[in-house]
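Read the structure below first, then the notes.
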Amino acid sequence: MNFYLTYFFIAIGLFGFSALFALFGVYAERKVSAFIQDRLGPTETGKYGSLQTFADILKMLQKELITPAAADKLLFMLAPAIIFIAVYLGFAALPWGPGLVPSKLNLGLYYIFAIISIETLGILMAGWGSNNKYSILGAMRSAAQIISYEIPAGFALISVVMIAQTLNLQDIAMQQGILSPEKITFAGFWDVSSIGGIFAWNVFRAPHLLIAFVIYFIASLAESNRAPFDIPEAESELVAGFHTEYTGLRFALVFLAEYSMMFMVSMVGVILFLGAWNTPLPNIGQVQLATWTTGAGWGILWIIIKTLTLVGIQMWIRWTLPRLRVDKLMALCWKILTPLAFACMLVSGIWRLWLM
Amino acid sequence: MSLVQVLFYIMGFIAVASAIFVAATKSLVRSIFMFFITLFALAGLYVLALADFVAITQVVIYVGGILVLILFAFMLSGKETLNYISQQRKQFMNISKLPALLLAGLFLVVLLNMIFKVDAGNLAWIKRSIENKNVITPNAAMTENIGVNLMTSYLLPFEAISILLLVALVGAAHLSRKEPQS
């Protein structure tokens with residue numbers, strides 16, 4: 001029975017983590033945007049405005065849940081829950097450190113890929129349920145965007161899987177450090193199995209994966225509906241896109257999903273390309289930096305640092321680049337990213353056959 | 001009853017109940033969203049049958065692809081069309097539904113026949129596989145197995161499907177192409 005209790009604790013812990021991360025993420029987003037636009041951001045509530053998001057969430061919890069008279073009540077109510085649960089389910093397969101993974105799935109990566117696509121359905125549900133033309137336009141743009149960008153993202157992921165020869169995220173993570181069960185080579189010629197560190201990360205094991213990583217990162221921005229791909233909620237055209245009609249707790253849930261999604265796609269990127277929970281410090285002769293900094297606790301620290309760096313870059317991009325037009329967005333996906341991703345997949349096959 | 005059996009019955013119930021709702025409801029959009037639950041329950045049943053790859057593929061293709069495309073077509077068509085469709089004749093039995101009823105009835109006969117005639121526990125080939133240890137365990141990695149089989153025993157059907165999809169793609173590209181200005 002203890003067995004099941006652990007499952008519940010881990011599930012609740014992951015939920016708590018995603019809620020805390022959303023609080024922190026909104027605060028960080030405001031401060032980053034303020035820094036980039038030469039403003040101050042929140043300053044009043046708490047030291048440096050650090051309690052601002054707590055105040056905001058308290059306000060949200062007290063607000064009235066308004067359901068528009070013409071809305072499809074059931075779909076309108078369920079949509080935010082589905083959007084959030086879809087993202088939250090993905091956390092089940094993500095490894096946090098050596099031996100620390102909520103669910104040891106053989107098909108971890110494929111599972112996450114499937115889960116991400118469910119979010120689209122939640123967004124379409126929200127758009128249709130609201131019975132508002134802005135919501136429905138936002139939902140349709142979002143669905144079109146997510147379906148298109150799944151293709152380059154998928155092929156970028158496949159090029160990693162071809163190198164790693166497994167879909168199990170924990171195994172992929174294990175292969176990128178000193179704990180690897182097989183021989184690792186830096187760029188195909190220098191044996192770094194016992195040196196580890198940054199040289200053993202997937203992007204350096206096979207350098208073409210650097211391109212695959214950039215493709216995946218761009219596609220993941222589009223999948224989490226972040227600028228410059230935020231046409232689904234383009235404020236200047238669509239009020240707030242698919243969540244125009246939402247208030248209070250439901251609105252909070254949509255935001256929770258967005259920030260959890262940011263964290264999840266970044267973490268998947270880190271696991272596949274940037275060495276997962278492995279340390280960036282290599283073993284140098286007698287100075288066994290990699291051996292000293294590998295372990296469950298260190299793993300959590302490294303993966304969180306790397307993931308937060310990627311989330312930071314996502315925020316940086318959001319507040320720097322302007323929004324893409326719809327046709328430009330599709331041209332980027334189909335004419336640039338998809339052929340490049342195909343090329344990466346081809347190179348991966350050749351690399352695995354002849355250089356590993 | 002073991003936990004697996006309990007889960008099987010729960011998911012079976014969800015699948016059947018939501019499928020009945022899909023067929024019976026007046027609101028077309030709700031029936032599509034309910035279909036999503038049916039597909040999910042089916043994916044759960046596949047997992048219980050140790051076919052986790054099939055389960056996830058089901059979610060990727062049906063939920064992430066086909067269902068979203070159906071909804072897309074829905075949202076592109078006007079409300080009037082949708083209202084017209086949902087206000088069609090309500091009778092359960094009428095002459096235009098005869099082929100569908102006939103087909104469903106025949107399928108039911110075949111299925112019932114199968115269930116009552118086949119003693120699944122005592123089939124010869126199943127017994128042989130158990131004796132030869134040619135079975136899948138819950139921890140087995142299925143992906144390699146599927147990949148090898150697709151590239152060896154089932155290569156011809158696999159290639160035939162890929163040509164079919166290519167034809168569909170070329171057709172779609174042709175239909176959406178701009179006419180040359182003459």
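The values are calculated or read from the model by the stated rules, or taken from the named source; none is laboratory data. Just so you know, these numbers come straight off a predicted model, no measurement behind them. Reconstructed Cβ throughout: ideal geometry from the backbone, glycine too, with neighbour counts over all protein chains shown.
Things worth noting here:
- Any hit, region A:58-69, residues being within 20 Å of the chain's Cα centre (by Cα), charged (D, E, K, R) and closer than 21 Å to A:F251 by Cβ: no
For (1) among the β-branched types (V, I, T); (2) under 16 Å from A:V265 (Cα atoms); (3) in contact with a strand residue (DSSP E or B) (Cβ under 9 Å, 6 or more places away or on another chain); (4) surrounded by fewer than 23 Cβ atoms within 10 Å (Cβ to Cβ), each residue gets a yes or a no:
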site: A:A156; (1), (2), (3), (4): no, yes, no, no
site: A:A187; (1), (2), (3), (4): no, no, no, yes
site: A:I195; (1), (2), (3), (4): yes, no, yes, yes
site: A:N202; (1), (2), (3), (4): no, no, no, no
site: A:P207; (1), (2), (3), (4): no, no, no, yes
site: A:F217; (1), (2), (3), (4): no, yes, no, yes
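- Some residue of region B:24-34 being under 15 Å from the mean Cα position of the chain (by Cα) and more than 14 Å from chain A (Cβ to nearest Cβ): no
- For region A:269-278, a residue qualifies if it is aliphatic (A, V, I, L, M) and either without any contact (Cβ under 8 Å) to a residue 40 or more places away in the chain or in a loop (DSSP other than H, G, I, E, B) (or both), and the qualifying residues are A:L274, A:A276.
- Check on B:S27, assigned by TED's automatic domain parsing to the domain that holds B:Y84, more than 30 Å from A:K104 (Cα to Cα) and in contact (Cβ under 8 Å) with a residue 40 or more places away in the chain: yes
- Residues that are in contact (Cβ under 8 Å) with a residue 60 or more places away in the chain and of a type outside the set (F, W, Y) number at least 2 in the following helices (runs of 4 or more DSSP H) confined to region B:89-155: B:142-151.
- Scan of region B:115-148 for residues that are away from chain A (no Cβ under 14 Å) and hydroxyl-bearing (S, T, Y), ordered by number: B:S129
- Taken residue by residue, region A:145-153 has no member that is on the phi > 0 side of the Ramachandran plot and either away from every other protein chain (no Cβ under 14 Å) or surrounded by fewer than 23 Cβ atoms within 10 Å (Cβ to Cβ) (or both).
- Failed item, numbered, when A:V87 is tested on (1) closer than 21 Å to A:S135 by Cα; (2) hydrophobic (A, V, I, L, M, F, W, C); (3) crowded, with 16+ Cβ neighbours inside 10 Å; (4) more than 16 Å from the chain's Cα centre (by Cα): (4)
- Residue pairs whose Cβ atoms lie under 7 Å apart, separated by 6 or more positions or on different chains, with the first residue in region A:80-106 and charged (D, E, K, R) and the second at pLDDT 80 or above, are A:K104/A:Q170.
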